[in-house]
Structures are given as structure tokens and as C-alpha cells.
Amino acid sequence: MGKQSSSLVYQIFQRRFPATFKGLFYFLPLSLALTTLLLIFIYISTTANVTKTHSQTTLYLQTLPSLINNIDQTSNLPIVPFEDNEDDNDNLFADPSRTARLSRANQWLLGNLFGLIDGNDTNNKEAYHDGDDFLQDYKQMNKSLKIYVYPHSKDDPFANVLLPPDTDYKGNYASELMFKKALMESHFVTKDPNEAHLFYMPFSISSMRSDPRIDVHGIPDFVQNYISNITLKYPYWNRTGGADHFYVACHSIGKIAFEKAFVARLNVIQLVCSSTYFPSSYLPHKDASLPQVWPRGGDPPNLLTSQRKRLAFFAGAVNSPVRIALLKVWENDTEIFAHFGRLKTPYSEQLLGSKFCIHVKGFEVNTARVADALFYGCVPIILANHYDLPFTDILNWKSFSVVVHHIDIPVLKKILLGISNEEFAMLQSNALRVRKHFQWHTPPIDFDAFHMSMYELWKRRGVVRVRLTPSMEFM
């Protein structure tokens, strides 16, 4: 039976297909085989330097610990003591088996070769993941969101911690107090808890840190007592275990605030600048990243790409292994200016004169350098592993920044030089487009840092609200 079927198929093939088509039919497998061999050859050719790059990276990783130990002897730069509170050893001092990961630079090379990705490692060049959806939901938030703020009088002994500042706040941790001031003067606040989507605990971590009555070590006790007081005085916390409550912190010391209220930390929404998802204290789906912004007056400047002569720029203290690594590799480079310590020229001039501005993890993943770079029209380079970037569920960071893993510090210049002029123009154009989200205004304006932070809270509101009866409200 099988033999007859084979014969039948052969006869049909002989009758129905012309000779030219039969020739193509036999030639097709050969063509596929040759094409496969060609692609393999191209792959081997283009990745020939990967082994060399990885061997250099391995050597760099193996020698970096000794470089860090001796850096104070080989450099006149001041070294700030730092705690290795994230897994930097996992990234910088890796053993050779860890270096099997392809460097970002070579990933881009292959992506460009086969047309899979463009120079900034993304197929989507839009600044927003879904601009239309965001605008529609933002309008609904601006119209509907209500926040109940726990009330405190000016006579409270800790009014400096609980009430908003009388003037605009400056400095690295301004975002925390600017948010509080903007919220208290906004239409989002309600005095009716039954209207509230969320409840704000208005204590300020930065104010507690500088108050000698509390100090850094007293912050966990203050927060624990605060939660105990509102739990006894009001019924709102007990409805959800604090899941519809939030607090705001920009100083990294805020991560210890709930050390003595561990269960509360699992529920409370944290709107914080130190938004690293490496430790268990921060949960991106529950918590949100607040941009760290040093407020600057006036309109942000614009400088054309052609006037930016330097490839990349960084200035800051030597306070982390990542910054030390950046220094050891690029301190003498003519295109990447890595300066540690005080600049002799204005900081703004360096930002305006550089195409890329490097944000490097210090004590924590966050600094104000990202907002600084955007303000001055400089494309940010993010060198901070585990950083849950601000508004990352809204903004497409790959469309206006370059995110680099710590392990790729030795090939940083290769990555940047691999970005074409057209790709850089796209990155910078999007950076200028989104920088309004990283600015504070008094009073706030649409789409600024305050409104974007409110939108993040809006996305984390509870779907079901428990309405209190009058008897419960005055328990």
C-alpha cells in the first residue's frame, strides 16, 4: 500500500508541475543551506571582538578590587566613606563566569546588523508608552483624585516635621517638601475622608533628620508612634491595614523609617526618591519613584547639538564602587570628562557643553543629576543598577536616555560612539519633550513633577473604597 501511494504521488508530480518548477523545487533546499551558512559566517565575523572585549572586561573586574583598595594612594581625590548597601560586588567584582554576558555595545552591533533594534536599543522611539491613554487617564485623575491629609495644628511640637514649609525649599532633597507644599495648596485635598482615594501621612523625613529631638536614629520610633496615634484616633488605617495610606521621602534615610513598623511598610505606598528594587523594602508595583530635583529658576535653556563639543560628562564625590570604577577607566580620557570633586568652571557650562551627562550611583541609586541633565538638554546616561526610574510606567526611558549596566563601564565610549547623529537627535528631542515632568513650580502647573507624582498615586489607588458610617468616623 505504501509503495503504491509513493508511486501515485510521483505520477501526479510528473504530470502537474512543469520542468522549470521542478528545478526550483530541488534548488530551494540548497539555497536555504547556503543562506544559513552565510548568516553563521556573518555572526562569527561580527562577534569576533566579543571574546576580546569580555577578556578585557574580565581583567578589569578582577583587578578592580585592588584598584579600589589603592585608590587613595594613587590619586589625590578625596574618597568619601561609603557603605556597600547594594549588591555592587555582584556587578563590579564578578568572577570570570559572570562575564559571559554580552556587553551592551556588542548587543547594539548585532541589533543594527540585522535591523532588529536601533542605536538606542529600542524599537519604540516614542517618549511615552501610550501617550493617548496617559492623557485620557491623566485628565480623569486631575478631575477625580482626592487625598485626605491627617490634620495637624501650628501648635504641634513637631509642626516643623508635619506641616509644609512657608517658603520654597532648595537643595538636593527639595522634592519631598515641594510635594507637601504643592499638595496642601491643591484641589486634590479633601476634608471628607469618605471622598478620599488615599490618605497622606505628612511627616517629612528630611525635617526629622535635621531635628535634634529626633535625629536619624529616632526616625523609626517617630514613625511607629505616629502610626499608633492615627490608628487610635482615626478609623481609616484599620480599614485596609494602611494600604490606602502613603508618605513621601527623598532622603535615602527614609528607607529605615518603617524599621519598627514592618507590617505597615508592606502595605503603605512609598513615594520615594531612593527607589531601588534591590532591597525588599521597595516594591515597584506598590510603591512609586519620586524624581530627585534641585529646583532651578527660570526657563530651561536650549543649546543645539552642534554646540555640544564634549561626548560625556560627570562630576561628583567618590562615594561608591561604581564611581571609583568610572574614574579608573575614564579619568584621563579626552572625550569623556569624569571629574571627581569641585569643578573650577560652572556646573551648568559642563552640562550645556556635553552631549551625554552621566548619572552614576552614589550612596544610593538616585541623585539630582538626571533632572539636571534634562533641564540643560543633555541626554542622561543611567549608570545605576536596580534603579526604578521615575515615571517608568508612563515614560519610555530608552527613547531619551541611555541605560548602561555597571559591568559595561569599560565599553561606555564604544556604546556612545555607536549612536548615530540621527539617533542622538531623537534622544535629545525626547529629552526636551519630557523634561517638564522633572521640574517643580510654585504654584504647580500641568504635567510637572507634582502632577506626575499625583498620577503615580492615582494609578495605585484602591479600586474598592470602604465607606464609613457616622458612628465609625467618630470612634
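The values are calculated or read from the model by the stated rules, or taken from the named source; none is laboratory data. Model, not experiment: these values are computed from the prediction. Every residue, glycine among them, receives a Cβ derived from its backbone with ideal geometry; neighbour counts consider all protein chains shown. Heavy atoms of the whole protein, side chains included, go into the accessibility calculation; ligands, DNA and RNA do not. Shrake-Rupley method; radii C 1.70, N 1.55, O 1.52, S 1.80 Å.
Mean sequence separation of contacting Cα pairs (under 8 Å, at least six apart), scaled by the length of the stretch 305-438, corresponds to a relative contact order of 23 percent. Per-residue SASA remark: H405, around 60 Å² accessible (1.4 Å probe; ligands, DNA and RNA not included).
Each Lys or Arg adds one and each Asp or Glu takes one away; over the other residues whose Cβ falls under 12 Å from the Cβ of K139, this sums to -3. Across the stretch 197-353, counting alpha-carbon atoms alone, Rg and Dmax equal 20.8, 63 Å.
Only lysines eight or more places from K309 in sequence, or on another chain, were considered; those with a Cα closer than 24 Å are K328, K344, K355, K398, K413, K414. For the stretch 175-239, trypsin sites (Lys or Arg not before Pro) meeting the loop criterion (DSSP other than H, G, I, E, B) and having at most 11 other Cβ atoms within 10 Å: K191, R213. Any chance you could tell me what percent of the C-alpha pair distances in the stretch 258-349 go past 19 Å? Summing the P(r) of the stretch 258-349 above 19 Å gives 64 percent of all pairs. About the centre of its Cα atoms, the stretch 305-438 shows a dipole size close to 300 debye [charges on the beta carbon of Lys, Arg (+1) and Asp, Glu (-1) only; nearest 20 debye]. Among the chymotrypsin sites (Phe, Trp or Tyr not before Pro) within the stretch 190-250, not one is in coil by DSSP while having at most 15 neighbouring Cβ atoms inside 10 Å.
Of K125/K181; K139/K286; K170/K260; K143/K191, which sit over 28 Å apart, Cα to Cα? Checking Cα-Cα distances, K125/K181; K170/K260 exceed 28 Å. The equivalent ellipsoid of the stretch 386-445 has semi-axes of 26, 16, 9 Å, largest first, where each one is the square root of 5 times an eigenvalue of the Cα gyration tensor.
Using +1 at the Cβ of each Lys and Arg and -1 at the Cβ of each Asp and Glu in the stretch 305-438, identify which of N396, S348, V411 lies farthest towards the dipole's positive end. With unit charges placed on the Cβ atoms, the residue in question is S348. For q = 0.10, 0.16, 0.17, 0.22 Å⁻¹, what log10 I(q)/I(0) does the stretch 305-438 give under the Debye formula with an equal point scatterer on each alpha carbon and no solvent? Scattering profile of the stretch 305-438, log10 relative to I(0): -0.28, -0.76, -0.87, -1.57.
Counting Lys and Arg as +1 and Asp and Glu as -1 over every other residue whose Cβ lies under 10 Å from the Cβ of I269, the net charge comes to 0. Phi-derived couplings, Karplus 6.51 cos²θ - 1.76 cosθ + 1.60 at θ = phi - 60°, listed residue by residue for the stretch 329-334: 8, 10, 5, 10, 7, 8 Hz, with x used for Gly and Pro.
The three principal axes of the Cα atoms in the stretch 177-244 give end-to-end lengths of 37, 28, 17 Å, sorted in falling order.
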